[in-house]
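Asker: Here it is, the structure in full.
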Amino acid sequence: MTTSTFKGGLLAAAAVLAMSAAPGFAQGVSACLITKTDTNPFFVKMKEGAAAKANELGVTLKTYAGKQEGDNEGQVQAIETCIADGAKGILLVPTDSKGIVESVKKARDAGILVIALDTPLDPASAADATFATDNFEAGRLIGAWAAATLGDAAKDAKIAFLDLLPSQPTVDVLRDQGFMTGFGIDTKDVAVIGDEDDARIVGHDITNGNEEGGRTAMENLLQKDPTINVVYTINEPAAAGAYEALKSVGREGDVTIVSVDGGCPGVKNVSEGVIGATSQQYPLLMASMGIEAIAQFAKDGTLPKPTEGKQFTDTGVSLVTDKPAAGVPSIDAKAGTDKCWG
């Protein structure tokens, strides 16, 4: 994706939610933002974007987060609080795409607009709308880049998959299966992680989306096969942990690591050769568009519309690498730094 294409995509997405009213027209409207955690830089930036747009439009914003990745109960309690407080809209990054659906239904039955951010619900129609990176495309891009970079050696690759959670939330499945599709692996059931039979797959392990988890998962898979030469990671903290595990056994220089996020630390790791390529997403835009949608809904009942040809509002993705591969559109780390977060 070129920079001009990226900018055009953002303008098109923003146009879907453009509002003619002056700033402050939504005073008296309250909204909630519920993220998976309040420590991951992705969610920190999302919170900043929501807060800035809420302040601009006069929306009262309350924010909540799980104690850690996988804290579905914490998110359930947050939704209950938002319902009781009379919120007009909820922006939700679900930690359990299926487990939270019943609570989301309660909110919608109470007349609250519920928008999933980043991670679609399962089914996606359980929310009023989804604003997200095309996570399958994000995975496909890094898979295609890895295959193109390896060239003929891709047919003999030894691949480790560092996934998110045992519950396989939609974001986990989409990125993982997207990578396989880009790399040329038969996914079997594209909605499930782990049913593939490609001999190049060493195995899957769980990271909880953090550096410690990435390190442990990488250590586990290296014990299974010390010749691993490609590592897919659910996000950049997991990638950083994987790199440290590889470095401890002297393998950091001959293993290709790919990831998804595009945070400033991750883009810096691309420029330093820690990560070969990462798919950059845009959390601030997701959240700010979500607040705009809630304000518009409060004004006249308008529901947000998905991107043409998709079932969700696509907030954009760009492959960031300093080693471009033929046939795979990308931007370099310098351009990625200009757009990074965290």
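Asker: Checking the structure you have, find out if any residue of the stretch 279-298 is acidic (Asp, Glu), farther than 30 Å from Gly86 by Cβ and out of contact with any Phe, Trp or Tyr (no Cβ under 8 Å at 6 or more places or on another chain). Before the answer, list the steps.
Answerer: Let us first name the residues in the stretch 279-298 that are acidic (Asp, Glu), namely 292.
The next check asks that each one be farther than 30 Å from Gly86 by Cβ; those that pass are none.
Among the residues of the stretch 279-298, not one is acidic (Asp, Glu), farther than 30 Å from Gly86 by Cβ and out of contact with any Phe, Trp or Tyr (no Cβ under 8 Å at 6 or more places or on another chain), which makes the answer no.
Asker: Something else about it: Could you tell me how many of the residues in the stretch 224-238 are within 18 Å of Cys340 (Cα to Cα) and free of Cβ contacts under 8 Å to residues at least 60 places away in the same chain?
Answerer: Looking only at that region, the number is 1.
Asker: Moving on to the next point. Write out, first by first residue and then by second, each pair whose Cβ atoms fall under 7 Å of each other, whose residues are 6+ apart or on separate chains, and whose first residue, in the stretch 281-302, is free of Cβ contacts under 8 Å to residues at least 40 places away in the same chain while the second is part of a helix (DSSP H, G or I).
Answerer: Note: pairs meeting the criteria are Thr302/Gln296.
Asker: Can you tell me which of Gly74, Gly99, Gly111 is more than 22 Å from Gly139 (Cβ to Cβ) and touching a Gly at 6+ places or on another chain (Cβ under 7 Å)?
Answerer: Selected residue: Gly74, the only one of Gly74, Gly99, Gly111 that is more than 22 Å from Gly139 (Cβ to Cβ) and touching a Gly at 6+ places or on another chain (Cβ under 7 Å).
Asker: Can you pull out the residues in the stretch 194-208 that are on the phi > 0 side of the Ramachandran plot and open to solvent by 60 Å² or more (accessible area, probe 1.4 Å)?
Answerer: Residue satisfying the conditions is Asn208 alone.
Asker: Considering only the stretch 34-64, state which residues are within 22 Å of Gln281 (Cβ to Cβ), outside any helix (DSSP H, G or I) and more than 16 Å from the chain's Cα centre (by Cα).
Answerer: Leu61, Thr63, Tyr64
Asker: Go through the stretch 12-45 and give me each residue that's over 23 Å from Lys299 (Cα atoms) and either loosely packed, with under 15 Cβ neighbours inside 10 Å or at pLDDT below 95 (or both).
Answerer: Start the filter on the stretch 12-45 by keeping residues that are over 23 Å from Lys299 (Cα atoms), which leaves 35-45.
Result: Lys36, Thr37, Asp38, Thr39, Asn40, Pro41, Phe42, Phe43, Val44, Lys45.
Asker: Of all the helices (runs of 4 or more DSSP H) wholly in the stretch 239-342, which have at least 2 residues that are of a type in the set (D, E, K, R) and surrounded by fewer than 24 Cβ atoms within 10 Å (Cβ to Cβ)?
Answerer: Numbers: elements: 264-271, 283-300, 333-339.
So the answer is 283-300, 333-339.
Asker: So, Val76, is that one under 21 Å from the mean Cα position of the chain (by Cα) and more than 21 Å from Leu174 (Cα to Cα) or not?
Answerer: yes
The values are calculated or read from the model by the stated rules, or taken from the named source; none is laboratory data. Note that this is a predicted model, so its numbers are computed, not measured. We place every Cβ from the backbone using ideal geometry, glycine too, and count neighbours over all the protein chains shown. These accessible areas exclude ligands, DNA and RNA; they are computed on the full protein's heavy atoms, side chains included. Shrake-Rupley method; radii C 1.70, N 1.55, O 1.52, S 1.80 Å.
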